Amino acid sequence: MSTPNGSTPNIDRLRGFIGDFTRLVERLGGNEPALLAEGRTLLAGLIAADDWLPDAYAQPDPVHYRQYLLHCDPFERFSVVSFVWGPGQRTPIHDHTVWGLVGVLRGSEVSQRYDLRPGEPPLAHPTEILPTGAVEAVSPTIGDVHAISNALADRPSISIHVYGGNIGAVRRSVFDPQTGQPKLFISGYANAAVPNLWDRSKAA
Ligand code: FE2
């Protein structure tokens, strides 16, 4: 497996992040504001370098955005996912029901937050451009409904997300943009195998 410049991915970086995030969840799992504040710093550190994501987890699909599971905590306290958007691709309006952090690794994304209003269309906030390196947070306590799209018309964008659960198996909702009507949504993952973090034979 390789990175965009053809070199071997620096998987140590992802392994280190997962170790640090596991410690963070152990320490601050019951304190969401503190966890998001420190988690934001950890994620910003991970996406500050683009030399670690194996190409297999950076492949766009011609039609839909893709989400690749990179790691799930053994107790499903958090998961780490790479989202890959081809040109023009976007998510529907959706919620998460758990906290989430979004960090842009490659390219640029548009974030659109919404307020739900019973019986009315979701109310859109002003759009926000997330450049490479930006991190944003969502959760039921700070605002949980948004849509994300690729800001670039000519190439994929990739973001790394961390969620407070095994996000691919969480029962959540997408919302009709005209009526606000929710529909059950369980996202799953595009991949069947996760990156091998543990071949440390070279270092040994
Ligand atoms: Fe989201």
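A few comments on the model shown:
- Restriction of the GluC sites (Glu not before Pro) in the stretch 1-92 to DSSP coil positions whose beta-carbon has at most 16 other beta-carbons within 10 angstrom yields Glu76.
- Per-residue ellipticity at 222 nm from helix content only, as computed over the chain with -39500 (n - 2.57) for each DSSP H run of at least four residues, stands at -5500 deg cm²/dmol.
- Per-residue ³J(HN,Hα) for the stretch 78-95, Karplus 6.51 cos²θ - 1.76 cosθ + 1.60, θ = phi - 60°, Hz, x for Gly and Pro: 7, 9, 10, 9, 9, 9, 10, 10, x, x, x, 7, 8, 7, x, 5, 8, 10
- Counted residue by residue at 0.36 nm each, then reduced by the alpha carbon distance between them, the extension gain from Arg40 to Ala169 reaches 44.1 nm.
- Local electrostatic count at Pro54 - Lys and Arg +1, Asp and Glu -1, tallied over other residues with Cβ under 15 Å: -1
- One decimal place: the segment Glu76-Asp51 gains 6.3 nm when fully extended, by the rule 0.36 nm per residue minus the C-alpha distance.
- For the stretch 127-204, the spread of Cα coordinates along the three principal axes comes to 58, 30, 27 Å, biggest extent given first.
- Once the Cα atoms are used to define both axes, helix 11-28 deviates from the longest principal axis of the chain by about 60 degrees.
- Label-point separation in nm, Arg200 to Ala124, each point 7 Å along Cα→Cβ: 4.9 nm
- Exposed-loop-free span, longest in the chain, where chymotrypsin sites (Phe, Trp or Tyr not before Pro) count as exposed if DSSP calls them loop and at most 12 other C-beta atoms lie within 10 Å: 76-197
- Fraction of the pair-distance distribution of the stretch 59-185 above 19 Å, Cα-Cα pairs, percent: 47 percent
Bear in mind these aren't lab numbers, they're just calculated from the coordinates by the rules spelled out. Note that the coordinates shown come from a computational prediction; the quantities given were computed from them, not determined experimentally. So basically every Cβ, Gly included, is an ideal-geometry build from the backbone, and we count neighbours across all protein chains shown.
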